[in-house]
1. If you go through the range 455-480 one residue at a time, how many are in contact (Cβ under 8 Å) with a residue 40 or more places away in the chain, under 25 Å from Ser348 (Cβ atoms) and either part of a loop (DSSP other than H, G, I, E, B) or under 27 Å from the mean Cα position of the chain (by Cα) (or both)?
2. Which is closer than 27 Å to Leu267 by Cβ and of a type outside the set (Val, Ile, Thr), of Leu419, Leu450?
3. Output the residues belonging to the range 471-492 that are closer than 12 Å to Thr460 by Cβ and surrounded by 14 or more Cβ atoms within 10 Å (Cβ to Cβ).
4. Looking at this structure, is Ile444 assigned to a loop (DSSP other than H, G, I, E, B) and within 19 Å of Ile297 (Cβ to Cβ)?
5. Any residue at all in the range 351-359 that is assigned to a helix (DSSP H, G or I), buried (at least 24 other Cβ atoms within 10 Å of the Cβ) and among the acidic types (Asp, Glu)?
6. Before we move on, is Thr168 outside any helix (DSSP H, G or I) and either assigned by TED's automatic domain parsing to the domain that holds Val107 or at pLDDT 85 or above (or both)?
7. Just name the residue that is surrounded by the most Cβ atoms within 10 Å (Cβ to Cβ) out of those in the range 415-435 that are in contact (Cβ under 8 Å) with a residue 60 or more places away in the chain and either over 21 Å from Arg285 (Cβ atoms) or in contact with a Phe, Trp or Tyr (Cβ under 6 Å, 6 or more places away or on another chain) (or both).
8. Which numbered condition in (1) of a type outside the set (Asp, Glu); (2) surrounded by fewer than 24 Cβ atoms within 10 Å (Cβ to Cβ); (3) closer than 25 Å to Leu44 by Cα is the only one that Arg386 fails?
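The values are calculated or read from the model by the stated rules, or taken from the named source; none is laboratory data. Quick caveat, the model's predicted, so the values are computed rather than measured. Cβ: placed from backbone, ideal geometry, glycine included. Neighbour counts: every protein chain shown.
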Amino acid sequence: MSAAGTAVPVTGGTATRNGVAATARGGWWGFLGAVINATFGYLLVALITRALGAHGSGAVFTGVAVFTILSNTCKLGADTGLVRFVSRDVATGRGHQVGALVRSAVVPGAAASTAAAALLFLSPSTATSLLPNLAPEDAVTLVRLFALFLPLATVSLILLGATQGYGTVVPFVGVEQVGKPVLRVLIAVPVAFVTPSVLSLASAWLIPSMAGAVAAWLALRRCHRTHRKRPSGPEVAAARRGFWAFAAPRAISSVFDISAVWVGVVLLSSLATSEEAGIYTAVGRVIVAATLLQLAIRLAVAPEISRLLAVDETAQACHLHRISTRWIVLFSWPLLVLLTSFPETVLSLFGPEFEQGAVALVVLCVASAINVGVGNAQTVLLMAGRSSWHLAVTGVAFAVQLAVGILAVPHWGVLGAALSWGAAIVVENLVSAVLVRRHPGFTIVDRGYLAAVVVGLCLTGALVLPVRLLAGDTAFGLAAGIVLGMCVFSISLSRFRATLGVRELVGVLRDRAS
């Protein structure tokens, strides 16, 4: 690591180029997967809402919310721990401790998810509390159906975390972002037309979990073939202690992370109506799609930052974080501007009753702009080993979300749920950005970042606002905004290509392609 005011050594520059190249390659794989995931996820939500209406779809999505929260909780933070520790072990120890780390991660996760599934299966009162608007016998059957698939989904996520540690996002993208979403739609289409019901469409969502678990196991076996050396007993014990010292706080913070996305659905189902839960799910799907590039970059950048920090290349890791944040801001903010300007038109694709969520969508777009603006600060905290800091941040943010949600949801419904999630997003990301600046000392603001703000937000907003005022929140206005926005964005990208680092991005992609 070079001292302040001195030139970065040649090896550091190579590390920077390699890190950016790996991130670019992984980022584009992740982006492709995220686009497919968003597209088919959008299709699935539209299919379910059209087939069952807001009431029936709300029941399905409540089950999905509980299932997602529990599967991510029962991972016990092991997937993130594997991303960090496998990448470090591959960088410094040729990966010979990976097998022991994976076994140490999978067994507790499998046990926890099996226990949670058993509790769900044997507790009918839980089902009727979560789904009070559904017939009791249907509610119990639905919750038990989700419980059957819980251990498979949990173990699959842990295994995919290990594959990410090897520096590849392809297995995760293939299973979670391509395979499952595509299979869900392929299964749901005939079901929606032949036997549309809450249970049949929930089954269509769950069945691909079996194929996902098998694919994750095969992918990890393939990654592990080149690292067969067995470590000694003391090495295994030390690796396990270090792993769980990191993963234990992450186990709790992961509960807060995933609950933040889905707790609004549960609150609406319990404190309001299933119809509002269905509307809120559609709004959340749009927000997830709007931030898909950030997710794609996160998948690629996490093991690279962990690897660079493991070999004391802090300056190069900081550069990687800075340029990846620039790409996220540049491409995500224009989409958020469009969604904020035409919320009713976007939500009308799910059905006319979903236009009620327009104000909620605007609230979450504003909060997501702050999320995008700080980049993957939370990922940096985790890869720097500060899982306890991350736990504190997510805990505070979730407390804010829960407090606001309990107060606001009974009065404002979908808007109250959006306000609670938006408040949590703002708190979590701003605090994370401050902590990342403290350790490991990462910053994001430079000339390239400011240029991305100008191109991604200011120019796009200045162009879309007049279109919105003249054409209104209509399909024509949205189409005109997209076309004009793309033209101005392309021209601006060319004009500021040096400042934005476009040549660097294209160069590493060309190097990888050749």
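1. From the range 455-480, those in contact (Cβ under 8 Å) with a residue 40 or more places away in the chain are 455-457, 460-461, 464-465, 467-468, 473-475, 477-478; that's our starting set.
Those still in the list that are under 25 Å from Ser348 (Cβ atoms) too: 460-461, 464-465, 467-468, 473-475, 477-478.
Adding the requirement that they be either part of a loop (DSSP other than H, G, I, E, B) or under 27 Å from the mean Cα position of the chain (by Cα) (or both) leaves 460-461, 473-474, 478.
Of the residues in the range 455-480, 5 are in contact (Cβ under 8 Å) with a residue 40 or more places away in the chain, under 25 Å from Ser348 (Cβ atoms) and either part of a loop (DSSP other than H, G, I, E, B) or under 27 Å from the mean Cα position of the chain (by Cα) (or both).
2. Values: Leu450 fails: closer than 27 Å to Leu267 by Cβ.
Matching residue, one of Leu419, Leu450: Leu419.
3. Gly481, Ile482, Leu484, Gly485, Val488, Phe489, Ser492
4. Numbers: assigned to a loop (DSSP other than H, G, I, E, B): yes; within 19 Å of Ile297 (Cβ to Cβ): yes.
Answer is yes for this residue.
5. Keep residues of the range 351-359 that are assigned to a helix (DSSP H, G or I), which gives 352-359.
Then drop every residue that is not buried (at least 24 other Cβ atoms within 10 Å of the Cβ), which leaves 354, 357.
Keeping just the survivors that are among the acidic types (Asp, Glu) gives none.
No, that holds for no residue.
6. Values: outside any helix (DSSP H, G or I): yes; either assigned by TED's automatic domain parsing to the domain that holds Val107 or at pLDDT 85 or above (or both): yes.
Yes; evaluated as a whole, the condition is true for this residue.
7. Ala417
8. Arg386 satisfies every listed condition except (3).
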